[in-house]
Structures are given as C-alpha cells and as structure tokens.
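The values are calculated or read from the model by the stated rules, or taken from the named source; none is laboratory data. Predicted model, so just to flag it, every value in this text is computed and none were measured. Reconstructed Cβ throughout: ideal geometry from the backbone, glycine too, with neighbour counts over all protein chains shown. In case anyone asks, the SASA skips ligands and DNA or RNA and just uses the protein heavy atoms, side chains included. Shrake-Rupley method; radii C 1.70, N 1.55, O 1.52, S 1.80 Å.
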Amino acid sequence: MGKNNIGYSLQVEDTILSYCGSICSKSTVELNKHSYNIIRIYEDGFVQVSEKLLESDKEVPIGKYWIRARY
C-alpha cells in the first residue's frame, strides 16, 4: 500500500497542481513507471505538463492548460 506513484495534474482557476510519479522507488504500481514531470510555460499563457518515463524515454502529456498572463 502507500502512495500510488502515478503522475497527474489539474487546474484550479489560474493555479496548476502537478503531482510527480517516482523517479527511484522500488515499489511503484507499475514496475516500468519511474518518471518525473516536465512543465512548459509559454508567454501566451499556455502551460503543458508532461510525464517523462525513464525506462522507455517517452514523454507523455498529462495536462494542457490556459492561464491568464499577469505582467
């Protein structure tokens, strides 16, 4: 039991919450699921969150959001 080690993200108004999986745990839910998150923020307010899977070197999108730019 314990934490699930699965990355996800969600948006609450202009705040994006991102939960990372595990980069080194030996007890992940899926044995080939060591990962970390990449957050890309663009000037126009677009934000993309991806999960980088270490074993396969794949990058999987887990969230695409728009926030209001504040300058």
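Before moving on, here are some points about what is shown:
- Residue pairs whose Cβ atoms lie under 6 Å apart, separated by 6 or more positions or on different chains, with the first residue in segment 37-59 and under 14 Å from ILE6 (Cα atoms) and the second of a type outside the set (Val, Ile, Thr) and open to solvent by 40 Å² or more (accessible area, probe 1.4 Å), are ASN37/SER18; ASN37/CYS20; VAL49/SER18; SER50/GLU59; SER50/PRO61; LYS52/TYR36; LYS52/GLU59.
- Pick from segment 16-55, criterion of a type in the set (S, T, N, Q) and modelled with pLDDT of 90 or more, ranking: least open to solvent (accessible area, probe 1.4 Å): SER50
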